[in-house]
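Report on one structure; see the data block that follows.
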């Protein structure tokens, strides 16, 4: 039996228009799942959907702002209308803002918390009931090494990002404890530095930072495209049927130094 086989499964991915979310959608499709791609920018989702369909899998693009309850409710309804069920929920949508508590404005704080934490709450609120009814579900939340690692360099201080990703880990533990009895596993992945829309024009272009990161990281480099997908697949498949409430850091060893 192939424990990583997702044939017949339906996976919902938030923040699926590019980067790590789009890579996860491709990985799900490669292992047999049909996918629902959610993001605010529907026009970018269409390109990813076409790529998934070229792989022989079904894909739908659904516009969704995970911080808005009505948008989430409508998006989940569209997915259920198209597929009839949701087996896997990958809560990938996220934002990152820099700044220390003494200079962050309230609006920036709220934007980060509403997307990174409230977004998981809202998506789960409307997906979990169907999973409970079917006695099956895999929920994977994207946290970050910054949930447990901070930085004193002023240019890298991101207090609201630290707080929100720590919140993701706490929510993961709470959900896992109460939902496991219904056949629903809830876990998280904590990526280290990967190139994405959030990092390509910032951290990856700061050579001093990259030199420092490579010196500190045991792998001596940031993550490469696709290196997150294996862990996401593991937590989304029956290979992790007895795993609950865990955060697996995929960071080249950065958090163990």
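The values are calculated or read from the model by the stated rules, or taken from the named source; none is laboratory data. Computed from a predicted structure; not experimentally measured. Counting neighbours? That spans all protein chains shown, and the Cβs are built from the backbone with ideal geometry, glycine included.
Observations, loosely collected:
- Filter result for residue 50 (within 18 Å of the chain's Cα centre (by Cα) and farther than 19 Å from residue 138 by Cα): no
- Scanning region 118-136 for residues that are touching a strand residue (DSSP E or B) at 6+ places or on another chain (Cβ under 9 Å) and either closer than 18 Å to residue 168 by Cβ or surrounded by 22 or more Cβ atoms within 10 Å (Cβ to Cβ) (or both) turns up 119, 120, 123, 124, 127, 128, 131.
- Residue count for region 228-251 under the criterion of being more than 21 Å from residue 25 (Cβ to Cβ) and surrounded by 15 or more Cβ atoms within 10 Å (Cβ to Cβ): the result is 7.
- Residues in region 155-165 include none that are under 24 Å from residue 61 (Cα atoms), out of contact with any helix residue (DSSP H, G or I) (no Cβ under 7 Å at 6 or more places or on another chain) and surrounded by 17 or more Cβ atoms within 10 Å (Cβ to Cβ).
- Only one of the numbered conditions (1) over 17 Å from residue 147 (Cα atoms); (2) modelled with pLDDT of 95 or more; (3) touching a strand residue (DSSP E or B) at 6+ places or on another chain (Cβ under 8 Å) is violated by residue 250, and that is (1).
- Only one entry of 221, 225 meets the criterion of being surrounded by fewer than 16 Cβ atoms within 10 Å (Cβ to Cβ), within 26 Å of residue 18 (Cβ to Cβ) and without any contact (Cβ under 8 Å) to a residue 40 or more places away in the chain, and that entry is 221.
- Within the option set 49, 36, 75, being in contact with a strand residue (DSSP E or B) (Cβ under 6 Å, 6 or more places away or on another chain) and closer than 20 Å to residue 237 by Cβ holds for one residue only, 36.
- Residue that is farthest from the chain's Cα centre (by Cα) [pool: residues in region 1-35 that are crowded, with 24+ Cβ neighbours inside 10 Å and within 11 Å of residue 57 (Cα to Cα)]: 33
- Qualifying helices (runs of 4 or more DSSP H) (wholly inside region 5-87; at least 1 residues being modelled with pLDDT of 95 or more, touching a helix residue (DSSP H, G or I) at 6+ places or on another chain (Cβ under 7 Å) and more than 22 Å from residue 250 (Cβ to Cβ)): 42-54, 69-83
- Residues of region 90-143 that are in contact (Cβ under 8 Å) with a residue 60 or more places away in the chain and assigned to a strand (DSSP E or B): 90, 91, 99, 138, 140, 142.
- Yes/no for residue 90 being touching a strand residue (DSSP E or B) at 6+ places or on another chain (Cβ under 7 Å), at pLDDT 95 or above and at negative phi: yes
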